[in-house]
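One structure is given here, and the rest of the page talks about it.
The values are calculated or read from the model by the stated rules, or taken from the named source; none is laboratory data. Quick caveat, the model's predicted, so the values are computed rather than measured. Virtual Cβ from ideal backbone geometry, glycine too; neighbours counted across all protein chains shown. Note: areas computed on protein heavy atoms with side chains; ligands, DNA, RNA excluded. Shrake-Rupley method; radii C 1.70, N 1.55, O 1.52, S 1.80 Å.
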Amino acid sequence: MRDTWPLLEPIEFPPIRRGHVETLQVNLGYRCNQSCAHCHVNAGPNRTEEMDGETIDLVLAFLARRRIPTLDITGGAPELNRHFRRLVAAARDMDVHVMDRCNLTILEVPGQEDLGEFLAGQRAEIVASMPCYLLENVDRQRGKGVFDASIRGLQRLNALGYGRPETGLVLNLVYNPQGPSLPPPQAALEADYKRVLGETHGIVFNHLFTLANMPIQRFGSMLISKGQFAGYLALLREAHRDENLDGVMCRSLISVDYRGILYDCDFNQMLDLPLAWGRRERVHLSELLDAEVARNPIRVGGHCFGCTAGQGSSCGGALHEAAG
Ligand code: SF4
Ligand code: SF4
């Protein structure tokens, strides 16, 4: 895989600083039952890196000590980590809002048959990737059979009450473009998804978040191989809007890797750009139990235009429409 950082580092991006940490985003490891073409963490079935029990305990201590309201759990397929359910249950016991970034097909993996029931019982929010409502587009990006398995997963979650406003069980979907283009307007696409998935498969969900593809890892490497990297970066830079800088997720989120090392966001984690703090090369979660990082400068590069292009992309989808 080609390294994109040497191409991203020289690109200037406006300086930004942290606000208060509202969300702890925890990457439980890179193992996944899928190997999607656009995956920015380069996850797959053969990856072995995963967070151990001691680091999970530290995550829980951090949530408690710093009174962090939201735990955002990601991977790989985070549910494959053996400590996943303990982490979710303990965080919920502290009344922390838990988001599980779920790939939907995991619901059919042997040993995960009761995952939907577990998540519903904990009242965890589910954020699920669904890059299109058409079979051929999803299977091309995420693998053969993924569309049908995702539909079955959504139907199973709906049967548990997810995506139905009266239950309060939140099911949000995430869209990203197939290739090197900006996502279309979020509200219109959400309406299309609701109509097609509802009419064709009887599926309901709360919101659709549209995210731009990041020019890093597998997707970035593919752009370099196809000679499209510079063109995609130019597209992101031309579409940059200063007003999106206030809403980028790194201002209110800290990302933790499976070892407990801290980053400004998941994308910086994948570029191996640790959080800058004093003269430290790497900062561990254990060192920030009592320290404050508000006003800390964020490590930026050319990839950050993926967050500020057009309607903007945060972990909550388009910035303008998410705010509106
Ligand atoms: S399901 Fe998610 S984590 Fe797994 S390979 Fe696909 S994009 Fe990566
Ligand atoms: S990629 Fe986005 S979230 Fe990450 S540091 Fe850049 S602007 Fe912030």
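Tabulated values for the structure
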| quantity | calculated |
| --- | --- |
| Unique residue being under 19 Å from the mean Cα position of the chain (by Cα), among the small types (Gly, Ala, Ser) and open to solvent by less than 40 Å² (accessible area, probe 1.4 Å) when the list is GLY145, GLY161, GLY179 | GLY179 |
| Members of region 140-150 found to be free of Cβ contacts under 8 Å to residues at least 24 places away in the same chain and in a helix (DSSP H, G or I), listed by number | PHE147, ASP148 |
| Subset of region 29-74 that is assigned to a loop (DSSP other than H, G, I, E, B) and more than 30 Å from ASP139 (Cα to Cα) - its residue that is farthest from ligand 1 (Cβ to nearest atom) | ARG67 |
| Identity of the residue in region 80-95, outside any loop (DSSP other than H, G, I, E, B) and open to solvent by 10 Å² or more (accessible area, probe 1.4 Å), that ends up nearest to ARG142 (Cα to Cα) | LEU80 |
| Condition broken by ALA187, with the remaining ones in (1) out of contact with any Asp or Glu (no Cβ under 7 Å at 6 or more places or on another chain); (2) closer than 23 Å to TYR133 by Cβ; (3) in a helix (DSSP H, G or I) satisfied | (1) |
| Of residues in region 129-139 being surrounded by 16 or more Cβ atoms within 10 Å (Cβ to Cβ) and touching a residue at least 40 places away in the same chain (Cβ under 8 Å), the one farthest from TYR175 (Cα to Cα) | TYR133 |
| Restricting region 238-287 to residues that are in a loop (DSSP other than H, G, I, E, B) and of a type in the set (Gly, Ala, Ser), the residue that is nearest to ASP3 (Cα to Cα) | ALA276 |
| Which numbered condition ASN27 misses (of (1) polar (S, T, N, Q); (2) open to solvent by 20 Å² or more (accessible area, probe 1.4 Å); (3) within 16 Å of ligand 2 (Cβ to nearest atom)) | (2) |
| Residues of region 170-219 satisfying the condition of being within 16 Å of ligand 1 (Cβ to nearest atom), free of Cβ contacts under 8 Å to residues at least 60 places away in the same chain and within 17 Å of HIS40 (Cβ to Cβ) | TYR175, PRO177, GLN178, GLY179 |
| Checking ILE56 against (1) open to solvent by 10 Å² or more (accessible area, probe 1.4 Å); (2) more than 16 Å from ligand 2 (Cβ to nearest atom), the condition it does not meet | (1) |
| Of residues in region 15-24 being part of a loop (DSSP other than H, G, I, E, B) and open to solvent by 40 Å² or more (accessible area, probe 1.4 Å), the one farthest from ligand 2 (Cβ to nearest atom) | HIS20 |
| Cross-chain or 6+ apart pairs with Cβ under 8 Å, region 30-46 first and under 17 Å from PRO131 (Cβ atoms) and of a type outside the set (S, T, N, Q), then open to solvent by 40 Å² or more (accessible area, probe 1.4 Å) and near ligand 1 (Cβ under 7 Å from one of its atoms) | ALA43/SER35 |
| Qualifying residue in region 205-212 (condition: at positive phi, part of a loop (DSSP other than H, G, I, E, B) and open to solvent by 20 Å² or more (accessible area, probe 1.4 Å)) | no |
| Complete set of residues in region 50-79 that are over 21 Å from the mean Cα position of the chain (by Cα) and free of Cβ contacts under 8 Å to residues at least 60 places away in the same chain | GLY53, GLU54, ASP57, ALA64, ARG67 |
